[in-house]
Structure formats: structure tokens, C-alpha cells
Amino acid sequence: MITVEHLTVRFAGVTPIDDMSVVFPGGTCGLIGPNGAGKTTFFNVLSGFVKPVAGTITAFGDNLLKMADFRRARWGLRRTFQTEMAIERLSVFDNVAMIHEHSGAKRSSRRGDVLAAIDFVGLEAPPRARVGGLGARERRLVEVARAVVGRPRLVLLDEPAAGLPDEETEHLSRVIQRIPDEFGALVILVDHDMSLVSACCESTAVVDFGKLIASGPTAEVLRNEHVMRAYLGTEAQI
Amino acid sequence: MARVPIDVGRGTLVRGAVIGALLAFALAGLPAFAGADWITTFTSVAIYSVTALGFGVLYGRVGMISLGQVALLSVGCWVGARLSYASSMPFPILLLVVGLITCVIGVLVGLPALRLSGLYLALITLMFAGATTVVLSVIDFPNGGGGFTARSANPTLATETPPVRRPSWATGDAAYYRYTVIVCAILFLLALVHVSSKPGRAWASIRESEPAALSAGVNITLYKLWAFALASFMTGVSGCLLAAQVGVPRAITFQTQDSLTLAATALIGGIFSLWGAVVGGVFNQLLPFLFQAQWGVNANFLLIIFGAGLLQVLLTAPGGLAEQFPKDMAKLGRLAVRGIRAASRRKRRPA
């Protein structure tokens with residue numbers, strides 16, 4: 001469980017997160033909101049790239065904000081970025097192994113864990129293939145494999161389906177849904193694809209202008225009047 | 001260490017065989033028929049290959065541009081010369097000590113890299129190169145006399161300055177050439193071990209994106225300094241080899257612009273592969289020798305060639321010759337096969 005209390009982030013004159021309090025209970029949780037609502041800033045706070053001016057984040061009993069940024073990976077934090085971050089010059093195996101090496105997981109289990117993660121995301125490319133030579137879909141899957149290897153506890157997925165065609169999104173959706181059961185990690189999914197969010201997430205939080213405007217079971221939240229008005233527009237089909 | 005699930009395939013075997021054959025040729029074949037000046041040149045090629053490799057590790061693997069690598073080479077050369085005058089430690093120990101001292105200096109030079117990147121880091125390191133050049137000429141490097149700091153009465157006279165020691169069993173030029181090649185091969189192996197294991201992967205992730213590396217748990221400070229330490233160690237050792245090769249090193253040998261030329265030749269050779277460093281060393285040392293001593297052409301014309309080559313690499317072949325050459329050869333091979341097939345088809349057809 002991730003508990004966020006009174007979180008405030010301020011950049012000179014802008015307040016992307018404004019006294020936000022929200023609870024992510026477990027499983028796969030959605031985080032949605034219009035562009036500029038503060039979703040990615042929230043991820044950056046969790047990663048340690050952005051220091052909040054106020055508020056606390058408690059993740060499974062640990063004070064996340066007290067941890068040095070590069071130690072959070074060892075604690076079990078994983079994330080993907082909106083832009084692609086798989087390392088082109090390394091092989092698929094090395095890409096995933098690199099995360100495992102810094103995760104604090106046992107060296108002896110590295111090969112097995114890495115291959116299991118590659119297998120888990122359903123990547124057909126051979127592990128020795130260079131990531132630079134793969135297609136967009138496969139590179140995306142490599143990023144997800146990187147996000148689940150080495151005992152993850154909190155997995156942040158920042159628009160993983162952006163730019164993917166529908167059938168690829170469906171495959172990705174099935175992969176994401178299995179992460180909590182397979183690895184015991186809490187997943188926070190940010191995406192603008194509402195079908196992906198409703199397929200994957202039992203609960204969803206909605207933010208707008210840095211404030212939480214609704215949270216709860218995904219189906220209910222998406223029917224919420226405020227949410228429709230703030231984000232989806234009244235004509236949205238759910 | 002977890003093994004990558006790659007069975008040792010034919011590619012690896014062929015590569016190993018090629019490297020073995022080349023090394024055997026360099027060690028046994030070349031000195032047998034090459035003249036004295038060729039041997040000296042090839043010793044320099046080996047030394048500057050390692051320097052180019054240092055540049056390649058920093059820029060190709062981690063993405064940090066250092067234009068002060070030849071300055072570090074001169075630091076290694078200077079420390080090596082002075083320690084050789086001051087002590088009587090065995091040559092391999094001397095190499096190691098010089099490597100470690102240069103390593104410390106290189107890490108200090110690399111400290112700004114933790115805050116600066118790209119052009120700014122390049123400028124800082126270039127200033128280091130400039131400062132080194134100034135210091136070396138002001139103190140009349142290396143000033144051979146006894147002890148670590150003693151000056152000889154007339155340092156301009158080479159006869160008064162004792163030559164830097166060579167290993168006792170490799171005093172001749174050919175033997176010393178072999179010695180240098182072996183040491184350089186060990187340094188290449190050291191680099192290979194680094195780039196193909198944990199530090200190499202961490203460096204690759206830093207090069208791709210620092211935020212992503214940070215969120216992957218990479219201690220960026222540690223791994224950047226590690227890269228500087230490795231590159232400076234290798235450059236320091238090769239600097240010491242250089243000191244013993246020339247015997248009496250002179251400040252004039254190390255110009256600030258050499259650092260730029262080295263960066264250019266390393267880029268032309270290719271900064272993403274270890275082969276590129278060898279090609280870079282050949283360009284840096286063999287071509288000037290060919291121009292000046294063999295063909296009687298002013299070696300300064302090479303700057304134009306290096307400039308054009310650098311432009312070509314930056315525009316069309318970011319991987320340098322090391323990546324481009326095999327591709328071109330494969331293309332040429334395919335063309336040749338197609339040509340032969342077409343010719344044989346034409347022959348079979350009745351006239």
C-alpha cells in the first residue's frame with residue numbers, strides 16, 4: 001500500500017502538485033488526469049528526481065522520500081518513462097540484467113530471473129539481440145521486462161501503450177494485469193487509453209491541477225461526474 | 001557471474017582466432033622483417049591505441065567528452081621518467097605505480113564531469129591539456145638528474161640526461177616493441193572485461209539517459225569516476241611505456257592540439273568498439289610516419305585528412321571505421337557474388 005499525504009511540489013511560480021493526498025491500495029492502480037495534471041511530476045517525486053516542499057509518501061511502511069534516489073531501485077522501485085529508455089547498444093539480456101545488477105537481488109539467480117522476466121513479457125526476439133535493432137513494440141516490452149526484474153515492489157508505468165496499435169496494447173494489457181500476482185508488486189499505471197486503464201486497474205485515482213478529484217474502483221471513478229467534466233468530456237464512452 | 005545465454009558460437013571463435021593470429025603476427029612476424037624506424041613507429045601505434053581506447057571508454061561508453069587524454073599521456077610519461085630516475089623498482093611495478101598515480105590525477109580532472117557534460121566538459125578537459133603543456137615547458141620537462149626532482153645542469157643536452165630505463169630483458173627496440181604490444185594487449189583485455197560486465201552496462205545506461213540510469217539504481221557519481229579512473233590508468237601505463245620508448249622525453253612532444261588530433265583519430269577509428277581504438281592508434285602514429293619519413297610529404301597535411309575523415313564519420317558513420325568497414329566489405333562481397341552468378345548464368349545460356 002502506498003499512502004501519499006499532503007504532497008506539494010512547487011517550481012518557481014508553478015504548483016504541479018498541490019496538497020495531494022491519495023492511497024494506492026494494491027494490485028494495479030490507475031492514475032489518470034488531463035495533460036499537465038501532475039501525473040509525471042508525481043512519478044518524478046517517487047523516483048526522487050523532484051523534491052517536494054511538503055508532504056509524506058509511505059510505501060509499505062517505508063518513508064520513500066527519505067531514501068537517496070539511486071537507492072530506491074534497490075528498495076524495489078521500478079519505472080518506465082514516456083520516452084523510450086531501453087539501451088540501444090546493449091542486448092535484450094544485458095538491458096534487463098543491468099537492472100537486476102543494481103536491484104540487490106542475488107547474483108546467482110540473475111540469469112534465471114532475467115530470462116524469466118523476458119519470457120514474462122512475451123518477447124519473441126532472442127535475448128542476445130541488440131535492442132537497437134528491434135521494433136517499437138519489442139523495445140516497449142523490453143522496458144516492461146526491465147520494470148519487473150529483481151523483486152520489484154512498486155512499478156511505475158508512464159504511458160506504456162502510447163503509440164502502440166490496438167492489438168499490441170491488448171497484449172501489453174494482459175502482461176500488466178499479471179504483474180501484481182506474478183511479482184507481488186504494486187503497479188501504478190498512467191495512461192490516456194481508458195480501455196487499457198479499465199482493463200488493468202481495479203482502482204483508479206484521478207488528478208487535475210495537482211489535486212486529487214476522485215478515487216476508488218475504476219468503473220465507479222470513470223462514471224464520476226467531476227471526472228467526466230475534468231478529463232473525459234461528457235461524450236466519452238466507457 | 002551470470003553467463004549471457006549465448007553459446008560460444010562460431011562468431012566468437014572466429015573473432016578469437018583473428019585476434020590471436022593478429023597478435024602472433026604483431027609479436028613474431030612484424031619485427032622479423034620491419035626496419036628499425038618501422039618498429040619504433042609500431043611501438044607508438046600500440047601506445048597511442050591505448051590512449052585512443054581511454055578516449056573511447058569515456059566518450060563511446062559513458063558519453064563524456066575528454067579532450068585531455070594526450071595531456072594525461074604526458075603526465076604518465078613525466079611521472080614514469082621521474083620515478084625511473086628516482087627509484088630502481090622493476091619495470092612492471094613502475095608501470096603499475098605510474099598507472100595508479102595517473103589514475104588519481106585523471107579522477108581529479110574528471111571531477112567536473114559530475115556536474116558538467118558535453119561541450120563544457122570538453123572545454124574543461126581541453127584547458128587541462130593546455131595547462132599541462134604550459135607546465136611541462138616551464139619546468140623544462142623532464143629535467144633528468146638523480147632523484148625525483150633533481151635538475152641536470154644543462155637539460156637541453158640529451159647526453160647529460162640519462163635515458164628512462166627499459167625492462168632488463170627488453171632493452172633492444174624489437175624486444176621492447178614486443179613488450180609494449182603485450183602490455184597494451186593486457187590493457188585492452190582490462191577494458192574488454194570492464195565493458196562486457198557490470199560497469200559496462202551501467203555506463204551504457206548512463207550514456208542512454210541519466211534519469212533512467214538513476215531510476216535503475218546506478219550510482220552515477222561512482223560509475224563516472226570509475227570510467228575516468230580506468231581510462232587514466234590505461235593512459236598512465238601507456239605514458240610510462242612511451243617514456244621508456246623514447247628514452248629522453250621532451251615537452252615539445254606533447255602539444256595541446258595532439259589531444260584534439262587524438263580525439264579525431266579515435267572517432268574515425270570508432271569509439272564504440274575496441275577495434276576502433278587500434279585503428280585510431282594506426283591513424284595517429286602510422287600515417288604521420290608514412291607521410292614524413294616514407295613519402296616526404298609534410299605531416300601537417302594530415303590535419304586536413306583527419307578533419308575530412310572526422311566530418312565523414314560524424315555525418316555518415318557514427319560507429320567509425322571499425323563498424324563501417326565490415327559492413328562495406330560485406331556489401332562488396334554480396335556485390336561480387338551477384339556479379340559472378342550473373343556472369344556464370346550468361347555463360348550457360350547458348351549463344
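Laboratory data are not the source of any read-out in this text; all were calculated from the coordinates shown. Nothing here was measured: the structure is a model prediction, and the numbers come from that model. Don't worry about glycine lacking a Cβ; one is built from the backbone with ideal geometry, like all the others, and counts go over all protein chains shown.
Shielding value for B:201-212 is 6, the average number of Cβ atoms from other chains within 10 Å of each residue's Cβ.
Once the Cα-Cα distance is subtracted from the 0.36 nm per residue extended length, the B:R15 to B:M89 segment shows a gain of 22.9 nm.
Across peptide A:61-70, the average count of Cβ atoms from other chains found within 10 Å of a residue's Cβ is 2. Gyration tensor over the Cα atoms of region A:82-151: the corresponding equivalent ellipsoid has semi-axes (square roots of 5 times the eigenvalues, largest first) of 19, 12, 11 Å.
Using +1 at the Cβ of each Lys and Arg and -1 at the Cβ of each Asp and Glu in region A:82-151, identify which of A:V92, A:G122, A:G104 lies farthest towards the dipole's positive end. Result: A:G104, furthest along the dipole toward the positive end. Relative to the longest principal axis of the Cα atoms of chain B, the long axis of helix B:118-138 lies at roughly 40 degrees. As a proxy for reagent exposure, ranking B:C103, A:C200 by other Cβ atoms within 10 Å from fewest up yields B:C103, A:C200. For the protein assembly as shown, with the dipole built from +1 on Lys and Arg beta-carbon atoms and -1 on Asp and Glu ones, taken about the Cα centre, which of B:L27, B:V248, B:V218 lies farthest toward the positive end? Going by the Cα projections, it comes out as B:L27. Computed from backbone phi, the HN-Hα couplings of region B:320-329 come to x, 4, 4, 8, 6, 4, x, 4, 5, 5 Hz, rounded to whole numbers (Karplus: 6.51 cos²θ - 1.76 cosθ + 1.60, θ = phi - 60°; Gly and Pro given as x). Counting every pair of alpha carbons in region A:41-164, the share spaced more than 23 Å apart comes to 32 percent. Taken about its Cα centre, region A:82-151 carries a charge dipole of roughly 200 debye when the Cβ of each Lys and Arg holds +1 and the Cβ of each Asp and Glu holds -1. Return the single residue from B:G29, B:G54, B:G236 with maximal mean-square fluctuation; model: Gaussian network over chain B, springs between Cα atoms under 10 Å. For chain B, modelled as a Gaussian network with Cα springs under 10 Å, the answer is B:G29. Along its principal axes, region B:30-133 has C-alpha extents of 48, 33, 24 angstrom, given from the largest down. Candidate cross-link partners of A:K106 among the lysines, defined by an alpha-carbon separation under 30 Å and a same-chain spacing of 8 or more, comprise A:K66, B:K198, B:K224. Stokes-Einstein diffusion coefficient for region A:122-190 at 10 °C in a medium of 1.306 mPa s, Rh from the Kirkwood formula over Cα pairs: what value in µm²/s? Taking Rh from Cα pairs, D becomes 126 µm²/s. Three principal axis extents describe the C-alpha atoms of chain A; from largest down they are 49, 41, 32 Å. Average projection, convex hull of the Cα set of the protein assembly as shown: 36.6 square nanometres. Dividing the convex hull volume of the alpha-carbon atoms in region B:26-348 by its residue count gives 173 Å³ per residue. With a 10 Å cut-off around each Cβ of A:112-121, the average count of Cβ atoms from other chains is 1. When only the Cβ of Lys, Arg, Asp and Glu is charged (+1, +1, -1, -1), the dipole of the protein assembly as shown relative to its Cα centre reaches about 2080 debye. For the peptides B:226-233, B:121-128, A:133-140, the ranking by packing is B:226-233, B:121-128, A:133-140, with the highest mean count of neighbouring Cβ atoms within 10 Å listed first.
Scanning residues 5 or more positions from A:N224 or on other chains, none has an amide H under 5 Å from its amide H, with H placed 1.01 Å from N in the peptide plane.
Angle check, please: helix B:91-110 long axis (alpha carbons) against the longest principal axis of chain B (alpha carbons), in degrees 0 to 90, nearest 10. On a 0 to 90 degree scale, this one is about 80.
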